[in-house]
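Visitor: Sharing a structure below in C-alpha cells format, with a few things to ask.
What follows is calculated from the coordinates using simple rules that are stated; it is not laboratory data. This one's a predicted model, so the numbers in the text were calculated from it and none came from an experiment. Glycine gets a Cβ as well: all are built from the backbone with ideal geometry, and neighbour counts include every protein chain shown.
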C-alpha cells in the first residue's frame, strides 16, 4: 500500500468494505500517519485517533456535525467522543476488518480540513 499525501487522500472517496480486505500493518499505518498531522495509532495499531480541546461544548458539537456530514457522504463512520464538555477525540477504524484500511486515512485527511474552534 502506497503512502499518500493528504491531497491525494482527500481526492479519493471511501469504498464500501464488508470484509475480505487485509488491514494495514502497523508499519504501513505508521508510514501513512507521517503524512497526517496529529493522528496516532491506538488499540495495538488497529485504530487511529486525534484529540482536540475546543473552545466550548457548542464548538465541539458543531465540529462533530460537520464531521458527520463528511462521514455520511463517504459512508464511513468514525467514533466521536466528547468528555468534560470541551475535550473531543475521533477514532477511526474499519469495523468489518477489525483494523485500518485506506478508508480510515481518507476520512482522517478530510476531517483535517474541517475548521475547529480550539481553546486558546
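Visitor: Which of the residues spanning segment 4-23 are touching a helix residue (DSSP H, G or I) at 6+ places or on another chain (Cβ under 7 Å) and either exposed (fewer than 13 other Cβ atoms within 10 Å of the Cβ) or under 14 Å from residue 94 (Cα atoms) (or both)?
Guide: 13, 14, 15, 17, 18, 19, 21, 23
Visitor: Filter segment 68-101 for residues that are under 14 Å from residue 16 (Cα atoms), buried (at least 20 other Cβ atoms within 10 Å of the Cβ) and touching a residue at least 40 places away in the same chain (Cβ under 8 Å) and give the result.
Guide: Selection gives 76, 93, 94, 100, 101.
Visitor: Could you tell me whether segment 66-80 includes any residue that is closer than 16 Å to residue 111 by Cβ and part of a strand (DSSP E or B)?
Guide: yes
Visitor: How about segment 6-25: which of its residues are within 21 Å of residue 71 (Cβ to Cβ), in a loop (DSSP other than H, G, I, E, B) and touching a residue at least 24 places away in the same chain (Cβ under 8 Å)?
Guide: If the condition is that a residue be within 21 Å of residue 71 (Cβ to Cβ), in a loop (DSSP other than H, G, I, E, B) and touching a residue at least 24 places away in the same chain (Cβ under 8 Å), then 12, 13, 14, 15, 16, 17, 18, 19, 21, 23, 24 are the ones that fit.
Visitor: Follow-up. Report, by residue number, each residue of segment 44-65 that is assigned to a loop (DSSP other than H, G, I, E, B) and out of contact with any strand residue (DSSP E or B) (no Cβ under 8 Å at 6 or more places or on another chain).
Guide: Residue satisfying the conditions is 56 alone.
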